[in-house]
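**Q** Next up is a structure, given as structure tokens.
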Amino acid sequence: MRHPLVAVFIALAVLITAGCGYHLRGTTAVPNEMKTLILDTSDPYGPLARSVREQLRLNNVKIIDGQEAQTRTNLPSLRLIGETSGRDTATIFQDGKTAEYSMMMTVSAQVLVPNKGIYPISATVYRSFFDNPLAALAKDSEQQIIVSEMRTQASQQLVRKLLVVHAAEKNPAVISEDRKPSPTDNLSAGAAQPDSSYSR
């Protein structure tokens, strides 16, 4: 009698999590309009492009690139602008040498929605890094791992920003290529830019 009850509770838990929109960690409910995307990048085999491509595939997004992208002009496009990184001293030792760094990475991109506009998006990630002068080789290896993890987190944030772009499409204040902005337009940070500088 106990086992059937357990099976019933498990079934109910599955139904509840599915019905409330539960998603596995690291995945995003990408809008249906963006389930097929053109990935536009100047370095298709670089670490940033590989990281973003991996996150898109984890979220069941079909990626169009290469020659096929030249003919699919009706699809939204994710254009990777690039990444910038830097670090500042967070704490120091008594002798004045750096003990801990604060690292930052910003990834910038644009989402082109046909007949709607270009929507700029970006993601910024912060991490701390302890500098051990007695282990130079280990320090360099650890820093490379941290940079790779930061790039993965930034790519995850970019994919989540697709939801913001989808919401901005519904915003009447967004500038599209068939609507010129007026002085009374109240544009938000996620508003689109006129799609006049992008052509395929």
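**Q** Return the total of residues in region 53-86 being without any contact (Cβ under 8 Å) to a residue 12 or more places away in the chain and either assigned to a helix (DSSP H, G or I) or open to solvent by less than 70 Å² (accessible area, probe 1.4 Å) (or both). Outline the logic, then answer.
**A** Within region 53-86, the subset without any contact (Cβ under 8 Å) to a residue 12 or more places away in the chain is 57, 66-68, 71.
Of the ones still in play, those that are also either assigned to a helix (DSSP H, G or I) or open to solvent by less than 70 Å² (accessible area, probe 1.4 Å) (or both) are 57, 66, 68, 71.
Result for region 53-86: 4.
**Q** Exactly one of (1) open to solvent by less than 90 Å² (accessible area, probe 1.4 Å); (2) within 17 Å of residue 109 (Cα to Cα) is unmet by residue 50. Its number?
**A** The single condition residue 50 does not satisfy is (1).
**Q** Is there any pair with a first residue in region 144-165 that is within 18 Å of residue 63 (Cβ to Cβ) and a second that is among the small types (Gly, Ala, Ser) and assigned to a helix (DSSP H, G or I) whose Cβ atoms are under 6 Å apart and which are 6 or more apart or on different chains, and what are they?
**A** 151/51; 152/51; 155/51
**Q** Could you say whether any residue in region 87-103 is closer than 30 Å to residue 33 by Cβ, modelled with pLDDT of 90 or more and surrounded by 11 or more Cβ atoms within 10 Å (Cβ to Cβ)?
**A** no
**Q** Has region 158-171 got any residue that is open to solvent by 50 Å² or more (accessible area, probe 1.4 Å), among the β-branched types (Val, Ile, Thr), more than 30 Å from residue 101 (Cβ to Cβ) and modelled with pLDDT of 50 or more? Spell out how you get there, then give the answer.
**A** Residues of region 158-171 open to solvent by 50 Å² or more (accessible area, probe 1.4 Å): 160-161, 163-164, 167, 170-171.
Keeping just the survivors that are among the β-branched types (Val, Ile, Thr) gives 164.
From the residues that got through so far, the ones that are more than 30 Å from residue 101 (Cβ to Cβ) too are 164.
Filter again for modelled with pLDDT of 50 or more, leaving 164.
So far as region 158-171 goes, yes, one or more of its residues are open to solvent by 50 Å² or more (accessible area, probe 1.4 Å), among the β-branched types (Val, Ile, Thr), more than 30 Å from residue 101 (Cβ to Cβ) and modelled with pLDDT of 50 or more.
**Q** Moving on. So how many residues does region 122-149 have that are modelled with pLDDT of 95 or more and either of a type in the set (Val, Ile, Thr) or buried (at least 17 other Cβ atoms within 10 Å of the Cβ) (or both)?
**A** Result for region 122-149: 3.
**Q** Right, here's the next one. For region 27-41, how many residues are free of Cβ contacts under 8 Å to residues at least 40 places away in the same chain and part of a loop (DSSP other than H, G, I, E, B)?
**A** 3
The values are calculated or read from the model by the stated rules, or taken from the named source; none is laboratory data. These numbers come from a predicted model, not from an experiment. Positions of Cβ are generated from backbone atoms using ideal geometry, with glycine treated the same way; all protein chains shown enter the neighbour counts. Note: accessible area is taken over every heavy atom of the protein model, side chains too, but ligands, DNA and RNA are not part of it. Shrake-Rupley method; radii C 1.70, N 1.55, O 1.52, S 1.80 Å.
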